[in-house]
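The values are calculated or read from the model by the stated rules, or taken from the named source; none is laboratory data. Keep in mind the model is a prediction, meaning the values are calculated, not measured. A quick note on method: Cβ atoms are made from the backbone with ideal geometry, for glycine too, and the neighbour counts reach across all protein chains shown. In case anyone asks, the SASA skips ligands and DNA or RNA and just uses the protein heavy atoms, side chains included. Shrake-Rupley method; radii C 1.70, N 1.55, O 1.52, S 1.80 Å.
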Amino acid sequence: MLKMHNIRKVYRTDTIETHALRDFSLEVEEGEFVSVTGPSGSGKTTFLNIAGLLETATDGQYLLDGVDISKLGDSDRSRQRNEKIGFIFQGFNLIPDLNLFDNIDVPLRYRGFNSKERRRRIEHVLQLVGLSARAKYLPAQLSGGQQQRIAIARALAGEPRFLLADEPTGNLDSEMAAQVMELLESINSAGTTIIMVTHDPELAARARRNIQIVDGRVSDSKAAPVAPVAE
Ligand code: ADP
Ligand code: ADP
């Protein structure tokens with residue numbers, strides 16, 4: 001479970017102080033699919049980056065699976081991130097001159113898995129996203145939707161408990177966005193907790209819960225209307 005209590009995040013430059021999050025409290029249960037919406041500049045990315053241990057809060061409490069994150073040093077925080085968190089971004093962030101297999105391999109090498117284990121994981125996630133036949137392709141040889149599916153595969157290869165997505169469909173046309181959303185839904189059904197920032201109200205409504213952030217605070221948190229999907 002992810003639990004934030006009275007999180008505050010202040011960005012300081014020489015002349016400006018920005019309160020990106022204030023009195024920010026939220027709980028996300030294991031297995032939830034939460035969408036996050038709100039005006040531009042309201043703090044959505046800051047929330048996701050703190051939740052994903054890419055940034056630290058200025059103060060407040062953040063418990064991830066009972067671990068008090070504010071008490072961790074940099075290396076323990078990195079370890080928690082590598083073990084528990086997967087990220088996907090609007091821009092896919094694939095390495096252009098590496099084929100798809102090797103793109104997925106990069107973070108696995110970094111974490112020191114042996115080649116047999118890496119291969120097992122890569123083949124498994126390529127199959128999950130339906131792109132096994134393209135393992136040797138370069139990113140530019142795929143559509144945007146396929147590139148995002150590879151970025152999702154790369155995140156899943158770490159076997160994360162939490163998948164954090166920042167505008168994952170922002171660069172995709174509506175048909176590809178729907179495919180990516182279906183993939184995220186099946187990943188969530190398999191047990192991974194998902195938190196997704198989106199501007200798209202239709203996609204936001206498909207999540208089981210929507211939270212709205214306004215001026216750095218949770219302004220609304222409610223179960224989304226149940227979409228009429230077949231089980
Ligand atoms: P959103 O994702 O909702 O658009 P952000 O979390 O990106 O909002 O930003 C929240 C506020 O914090 C904005 O005012 C933004 O300008 C500011 N901000 C975000 N990141 C930084 C940073 N690294 N340095 C200074 N200000 C930042
Ligand atoms: P393994 O088969 O190696 O035991 P897991 O079942 O633990 O792998 O799954 C590895 C990752 O893939 C996890 O993050 C899990 O959430 C995800 N996953 C598992 N099954 C599916 C599925 N059917 N669809 C999407 N993602 C899945």
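Extending 7 Å from Cα along the Cβ direction at Ala178 and again at Asn99 yields two label points whose distance is 3.3 nm. Per-residue SASA remark: Thr13, around 90 Å² accessible (1.4 Å probe; ligands, DNA and RNA not included).
Summing Cβ point charges (Lys, Arg +1; Asp, Glu -1) relative to the Cα centre of segment 33-140 gives a dipole of roughly 460 debye.
Residues Lys71, Lys9, ordered by accessible area of protein heavy atoms at a 1.4 angstrom probe radius and largest first, appear as Lys71, Lys9.
Alpha-carbon geometry of segment 29-154: the Rg and the Dmax are 16.6, 47 Å, given in that order. On the basis of the beta-carbon distance and an R0 of 22 Å, Ala133 and Val106 show a calculated FRET efficiency of 0.55.
Note down the Stokes-Einstein diffusion coefficient of the chain in µm²/s, whole number, using a Kirkwood radius over alpha carbon pairs, 37 °C, and 0.692 mPa s. Write down the numbers at each step before the final one.
Working: Rh = 18.3 Å.
Rounded, D is 179 µm²/s.
Along the axis of the charge dipole computed for segment 89-231 (Cβ charges of +1 for Lys and Arg, -1 for Asp and Glu, origin at the Cα centre), the listed residues Met176, Ser219, Pro160 are led at the positive end by Pro160.
Its residue count N fixes a reference of 2.2 N^0.38 Å for segment 40-109, and the Cα radius of gyration divided by that reference is 1.31.
Using a 1.4 angstrom probe on the protein heavy atoms only, line up Leu183, Leu138 by accessible area, largest first. Don't skip to the answer; put the middle values down first.
Working: Leu183 20, Leu138 70 Å².
Sorted descending by solvent-accessible area, the residues read Leu138, Leu183.
By a 1.4 Å probe calculation restricted to protein chains, Thr46 has an accessible surface near 20 Å², given to the nearest 10. Taking one quarter of the surface of the convex hull spanned by the alpha-carbon atoms of segment 8-63 gives a direction-averaged projected area of 4.5 nm². Heads up, I need the accessible area for Ile16: 1.4 angstrom probe, whole protein in place, Å², nearest 10. Surface accessible to solvent at Ile16 totals approximately 100 Å².
About its Cα centre, the chain has a charge dipole of approximately 660 debye under the convention of +1 per Lys or Arg Cβ and -1 per Asp or Glu Cβ, with nothing else charged. Between Gln80, Thr58, Ser115, the Cα set farthest toward the positive side of the dipole of segment 52-136 (charges on each charged residue's Cβ, about the Cα centre) is that of Ser115. Among the listed pairs Lys84/Lys222; Lys84/Lys136; Lys44/Lys136; Lys3/Lys136, those with a Cα-Cα distance over 30 Å are Lys44/Lys136; Lys3/Lys136.
Rule-of-thumb check for segment 84-204: C-alpha Rg over 2.2 N^0.38 Å?
Values: Rg = 13.4 Å, N = 121, 2.2 N^0.38 = 13.6 Å.
Dividing the Cα radius of gyration by 2.2 N^0.38 Å gives 0.99.
Report, in deg cm²/dmol and to the nearest 500, the calculated mean residue ellipticity at 222 nm for the chain, where each DSSP H run with n ≥ 4 adds -39500 (n - 2.57) and the sum is divided by the residue count. Write out the running numbers ahead of the final one.
Details: 7 runs with 80 residues, N = 231.
Rounded to the nearest 500, the figure is -10500 deg cm²/dmol.
A crude spin-label estimate for the pair Ser115 and Asn82, with each label 7 Å from Cα along the Cβ direction, gives 2.1 nm.
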